[in-house]
Structure formats: structure tokens, C-alpha cells
1. Given the options D211, D223, name the one that is away from ligand 2 (no atom under 16 Å from the Cβ) and part of a loop (DSSP other than H, G, I, E, B).
2. Kindly evaluate V175 against the criterion of being within 16 Å of ligand 1 (Cβ to nearest atom) and at pLDDT 90 or above.
3. Which members of the range 125-173 meet the condition of being in contact with a Lys or Arg (Cβ under 7 Å, 6 or more places away or on another chain) and within 16 Å of ligand 2 (Cβ to nearest atom)?
4. Could you please find all residues in the range 141-191 being open to solvent by 30 Å² or more (accessible area, probe 1.4 Å) and assigned to a strand (DSSP E or B)?
5. Would you be able to tell me the number of residues in the range 130-140 that are under 21 Å from A112 (Cβ atoms), open to solvent by less than 40 Å² (accessible area, probe 1.4 Å) and assigned to a helix (DSSP H, G or I)?
6. Away from ligand 2 (no atom under 15 Å from the Cβ) and open to solvent by less than 30 Å² (accessible area, probe 1.4 Å), is that true of C121?
7. For A115, all conditions in the list (1) open to solvent by 10 Å² or more (accessible area, probe 1.4 Å); (2) at pLDDT 95 or above; (3) on the phi < 0 side of the Ramachandran plot hold save one; what is the number of the exception?
8. Taking the range 100-119 as the region of interest, how many residues are among the aliphatic types (A, V, I, L, M) and within 13 Å of ligand 1 (Cβ to nearest atom)?
Amino acid sequence: QYIPLGVLGALGAVGLVLWLSRRRLSLRGELATAVRRREFFLHYQPIIELDTGICVGAESLLRWRRPDGSQVRPDLFIPLAEENGLIEDLTDQVIDMVIADMRDLLVRDRSAHIAINLSACDVSSGRALKVLSARLAGTGIHPQQIWLEATERGFIDIERARTTLAIARRAGHNVAIDDFGVGYSSLQYLQQLPLDALKIDKSFIDAIGTDSATSPVTSHIIDMAKTLGLFTVAEGIETPAQLTYLQARQVEFGQGWLFSKPLPPDAFMAFHQQRREQYGMAREDMQNPN
Ligand code: C2E
Ligand code: MG
Ligand code: MG
Ligand code: MG
């Protein structure tokens, strides 16, 4: 019996969609249990001062290992956690893990910092900041050593975002806009926010040296950050050519596989130590002068 290819294709597509949504449904059910059972851990990706090579700290990146040993990518489970009201509990766990993993390093080396990703809900409610300040108390870690990254996706309500970010800065944290350039930010909008840094999204770094339509945008994005008097951090640097380009444009910090992939805590501390011997220590005061 002859079946037209189009029909087969359509059936295949329907099957794929069904399979994907079932996978999402089952992950959704599992996620609540996983949060309760604390099946998460952190990797740390080194952040490098581009003109000196100094390691100034790391970004904490969440990982989920299920009981069967398989791992789920954060781009998959973070949005699910956001939809299901689990993200604030997860952020609490991230705060606890950063303190447990990095307390010794941060107390030993005041110039080091760890960045924590906040999600939309954290920025709207501001609860994570109260948790953070309560958990930091008595640890010896300075608030200046914890940087916060928030995506624009979080700023559904700009007034609330402004309030939360202002509280964060007053507490001493550095505040960065994550994935900068992929959202809708205008200069005017950014000017209204209390910020220290912009993290340029990887897609703009990927475009460097290519003839893609995005390529010319990268230098505008950098100019925009400079106009606002903010630090710039480039994410996803993979090639020496990208590094050279960013250095030439005075992008202050960067992270990416060219330097290191995200690492387990011990491996990050070894990396940090090795860089320190090779390139020296970071300045202690990296608060934004503006
Ligand atoms: P992000 O905050 O923009 O983090 C950067 C992502 O780029 C990380 O992906 C990192 O592993 C990846 N990356 C860094 N350098 C390179 C590179 O040179 N090449 C390539 N191909 N990739 C690179 P990851 O760890 O999969 O995290 C994805 C996203 O999940 C993060 O994007 C962030 O939005 C979210 N996320 C991760 N951890 C947390 C967390 O603790 N809380 C919240 N709310 N979101 C998190
Ligand atoms: Mg981030
Ligand atoms: Mg980012
Ligand atoms: Mg990104």
C-alpha cells in the first residue's frame, strides 16, 4: 500500500510533538520531587579579566542529576521550575550550595566573587535577597563577593525589578543583566535600572568574525554598555580571535570554553589557584565606579 511522504512526515511530526510534551509532563512531575530530595548541584565557570588573564571568580550554574544518573539541562528544567512555582525553592538551594562550596575560598580570597543567577520570580518577589542576606550572616563572606545575574525576561514589572535590584546593590552585591541583547532593552529602559554590568549574550560572541547579520550588532552592544558606564562581561568565548576582538574593545571580563568549561567546586578552586600563581590576584574593589 502506497503512503504519501507528506502523510508520513506529518505523522512523524505529530509523534515528535507528543513525545516531547510527554517528556515535559513527566519531567514536571519529577521536578517537584527532585527539589524536595535536593538532586541538584552546582558547577562553576571561571570569569576572567580579559586584559590580565586574572580569574576574578565564577558563575554558579545549576545541574540536575536524576536518581538514574542521567542529567537534565538547565535550559529545560529552569523554565519548568519557573512555571511550576518551584524556582524560588531552587534559588534557595543554590544560595546554600554556593555558601557550602565556596565559603573557604571567598573568606581566604576577598578579591574572588561568585555570581548567582536569579530568575524572573526571584526578581519580582525579592525574596531571594532576604534569604541571601540571612544565609550570608555569620559566614564571613562579604556581600560584595556575591554578584547577581538577572535576565530581562524577569522584568515583567519594571518597578519591582528596580526595587529588587536597588536593594541588592545597597546590600553590596554587584548586579548584572544576563543574556544582554536578546531581550527588548532600550538604552532608556536600562538607564532606569540600578546596574553594575551587562553580560553580552553568547550569540553576539559567536557572531564575531563571521559575516552573519548579527556581527555588526556586537560592537553596538558593547558601545551601549560603555555609554551606560557599565562593566561588560562576554559569555561563551570559544576562540582566540573572539578574545582579541573583545580585548580591543575593552570588554573587561569574559567566560567561555576558551578559558574553561563550568567545573565542579574542587576543580574550580584548583583552576583559580593555578591562575592566581600565573597571573596574580584580582583587585578587591570591583564595584562599579559610576
Ligand atoms: P546563562 O546564565 O547565560 O549561562 C551561560 C551558559 O552558557 C551556561 O549554560 C554555560 O555553560 C554556557 N557556556 C559558557 N561558555 C560557553 C562556551 O564557550 N560555549 C558554549 N557552547 N556554552 C558556554 P548552562 O550551564 O547550560 O545554563 C543555561 C542557562 O540556564 C543559564 O544561562 C541560565 O539562564 C540558566 N541557569 C543555570 N543555572 C541557573 C541557576 O542557578 N538559576 C537560574 N535561575 N538559572 C540558571
Ligand atoms: Mg548567567
Ligand atoms: Mg548569560
Ligand atoms: Mg546566555
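The values are calculated or read from the model by the stated rules, or taken from the named source; none is laboratory data. Keep in mind it's a predicted model, so treat the numbers as computed, not measured. Every residue, glycine as well, gets a Cβ built from its backbone with ideal geometry; the counts of neighbours run over all protein chains shown. Quick note on the areas: whole protein, heavy atoms, side chains included, nothing else; ligands and nucleic acids left out. Shrake-Rupley method; radii C 1.70, N 1.55, O 1.52, S 1.80 Å.
1. D211
2. yes
3. Once the filter is applied, which keeps residues that are in contact with a Lys or Arg (Cβ under 7 Å, 6 or more places away or on another chain) and within 16 Å of ligand 2 (Cβ to nearest atom), the range 125-173 yields only E149.
4. Hit for the range 141-191 is D179, nothing else.
5. 2
6. no
7. Going through (1) open to solvent by 10 Å² or more (accessible area, probe 1.4 Å); (2) at pLDDT 95 or above; (3) on the phi < 0 side of the Ramachandran plot one by one, A115 breaks only (1).
8. 4
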